[in-house]
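Trainee: Below you'll find the structure I mean.
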Amino acid sequence: MAVISKLNSLLDLAKERSSDRRRTLLREVTDMFFDAPPERDTPVSQEFDDVLSALAEQTAQGARAELAERFADAPLAPRGVLLKLARDAIEVAGPILARSTALSEAELLSIAEQGAQPQLKAISQREEVSERLSDTIVRRGDDETVAVLVRNEGARLSRESFESVSERAERSKVLQAPIVTRKDTPADLLGDLMLTVENQLRDHILERFDGMEPAVVEQALAASHARLSQRMEQDRDVQEAEKFVRGMAVRKMLDGSLLARLLREREMTRFHVAFAEMTGVDRVAARRAIEQDCIDPLALICRSAGFDKALFVTLAVLRSNATEDAFRDARELGQIYDRVTPEDAARAMRFWRMRRDIAA
C-alpha cells in the first residue's frame with residue numbers, strides 16, 4: 001500500500017497551479033508505473049489509473065502526447081487513461097491507436113465508428129487489423145485512409161471489403177496500386193481491374209496470372225466478366241445494335257470511320273458492339289475502355305487490333321469524358337499509343353479475349 005500512499009501524495013501536489021510542476025508530476029507517476037507495472041484489475045493498477053487520468057486532464061496536449069507515446073507499447077497500460085488518450089486529439093491518440101495492444105477490438109471498433117479520417121488512418125497502421133475493423137474502415141474511410149489499410153499486410157480484409165475497394169479503385173488511382181499489389185487480392189477482382197489500371201499495374205496483374213494454373217485464371221476471368229456484366233446497366237437495344245453491326249460487316253462498312261461516327265453521334269450501344277467486334281474483346285471491355293478516365297486500356301486494345309494511330313487518337317478525344325480542349329492533346333495521345341509495344345498489347349489482349357471466349 002506504500003505505492004498507493006505515495007500516489008495520493010503526488011496527486012495532492014498536482015493541485016498546484018504550475019503547469020510545469022504538473023507535467024513533472026505526470027512524468028514521475030509514469031516512471032513509477034514502469035518501474036514495476038502492476039497487474040491489471042488490482043487496487044494498485046486502479047490507483048495508477050485514477051492518478052494518471054487526473055494528472056493528464058490537467059496538463060497540456062504536449063504532455064499528454066508524451067504520455068501516449070510511452071503507454072502505446074505497454075501491454076499493461078491502465079485502461080481508463082489509455083481510453084482517454086485514444087479518444088484525445090490525433091496528435092495524442094495516434095500512437096495509442098496505431099500500436100497499443102491493450103485496446104480491445106470492441107474499443108477500437110467504437111473509436112473507428114466515431115472517429116475522423118486521422119483516427120481511422122492510425123488504426124489502419126496497426127500490426128494486426130481484424131476483418132471487422134477493416135470492414136468499418138473501408139466503409140467509413142476515404143480513399144487515402146483505405147489505401148493505408150490495404151497496404152498493411154497485417155490487415156485482414158473480408159471478401160466484401162475486397163470487392164468494395166476493388167470497385168472504388170476503378171475510379172480512384174489512389175487505391176489502384178495498393179489493391180493490385182496486395183498479395184491476397186482475389187484473382188477475379190484483379191481481372192476487373194485489368195480493364196481500368198495503367199500499364200505498369202496491368203503488367204503486375206499479368207505476372208500474377210502467369211504464375212497461376214490456366215484453369216484458375218479462366219475461372220477468375222469468368223467470374224470477373226459475370227460480375228461486371230451484371231453491374232452494368234442492361235442496354236435494351238443490344239440486339240438491334242448487334243443486327244446493325246452484322247449488316248455493316250456484310251456491306252464491308254464496319255471500319256474506323258463507322259466507329260468515329262457512332263462515337264461522335266453518341267450511339268454508344270452500337271459503338272460498343274462494333275468496337276468489340278472489330279477488336280475481339282467482349283462488350284464489357286469495349287465499354288469500359290471508352291468510358292473510363294485511364295487511356296491505357298483503349299491504347300492497348302487499339303494497338304492489338306491493328307488500328308492506326310490516327311484512329312486511336314480520334315476515338316480517344318471523342319470519348320464520353322473528353323474535354324473541349326482534348327484535340328490539343330493529340331500529340332500526347334499519339335505518344336501514348338507509340339509507347340505500347342505490340343508484345344505488351346498482345347499479352348494483355350490474350351486475357352481479354354479469354355474473357356470474351358469464356359462469356360460466349
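The values are calculated or read from the model by the stated rules, or taken from the named source; none is laboratory data. What you see is a predicted model, and the numbers here were worked out from it, not measured in a lab. FYI the Cβ positions are ideal-geometry reconstructions off the backbone, even for glycines, and counts take in every protein chain you see. These accessible areas exclude ligands, DNA and RNA; they are computed on the full protein's heavy atoms, side chains included. Shrake-Rupley method; radii C 1.70, N 1.55, O 1.52, S 1.80 Å.
Trainee: Scan S158, S172, S134, S124 and give me the residue that is of a type in the set (S, T, N, Q), closer than 30 Å to L195 by Cα, modelled with pLDDT of 95 or more and surrounded by fewer than 20 Cβ atoms within 10 Å (Cβ to Cβ).
Mentor: S158
Trainee: Show me the helices (runs of 4 or more DSSP H) found entirely inside the stretch 23-116 where at least 1 residues are more than 28 Å from the chain's Cα centre (by Cα).
Mentor: Result: 43-57, 61-71, 79-86.
Trainee: Taking V148 and the conditions (1) open to solvent by 20 Å² or more (accessible area, probe 1.4 Å); (2) touching a Leu at 6+ places or on another chain (Cβ under 9 Å); (3) modelled with pLDDT of 95 or more; (4) more than 28 Å from R64 (Cα to Cα), which numbered condition does it fall short on, given that it satisfies the others?
Mentor: (4)
Trainee: Being under 23 Å from R287 (Cβ atoms), open to solvent by less than 70 Å² (accessible area, probe 1.4 Å), assigned to a helix (DSSP H, G or I) and out of contact with any Phe, Trp or Tyr (no Cβ under 9 Å at 6 or more places or on another chain) is true for just one of A177, A226. Which residue is that?
Mentor: Going through A177, A226 in turn, just one is under 23 Å from R287 (Cβ atoms), open to solvent by less than 70 Å² (accessible area, probe 1.4 Å), assigned to a helix (DSSP H, G or I) and out of contact with any Phe, Trp or Tyr (no Cβ under 9 Å at 6 or more places or on another chain): A226.
Trainee: While we're here: Could you name every one of the helices (runs of 4 or more DSSP H) located completely within the stretch 254-318 that has at least 2 residues being open to solvent by less than 30 Å² (accessible area, probe 1.4 Å) and farther than 18 Å from E198 by Cβ?
Mentor: Ranges flagged: 256-264, 268-279, 283-291, 309-318.
Trainee: With under 20 Å from T24 (Cα atoms) and open to solvent by 60 Å² or more (accessible area, probe 1.4 Å) as the only criterion, which of Q58, Q114 stands out?
Mentor: Going through Q58, Q114 in turn, the sole match is Q58.
Trainee: Write out, first by first residue and then by second, each pair whose Cβ atoms fall under 6 Å of each other, whose residues are 6+ apart or on separate chains, and whose first residue, in the stretch 201-224, is in contact (Cβ under 8 Å) with a residue 40 or more places away in the chain while the second is acidic (D, E) and open to solvent by less than 40 Å² (accessible area, probe 1.4 Å).
Mentor: Pairs that qualify, where the first residue is in contact (Cβ under 8 Å) with a residue 40 or more places away in the chain and the partner is acidic (D, E) and open to solvent by less than 40 Å² (accessible area, probe 1.4 Å), are S224/D188; S224/D192.
Trainee: Something else: Does F209 fit the bill of being buried (at least 17 other Cβ atoms within 10 Å of the Cβ), aromatic (F, W, Y) and closer than 30 Å to E267 by Cα?
Mentor: no
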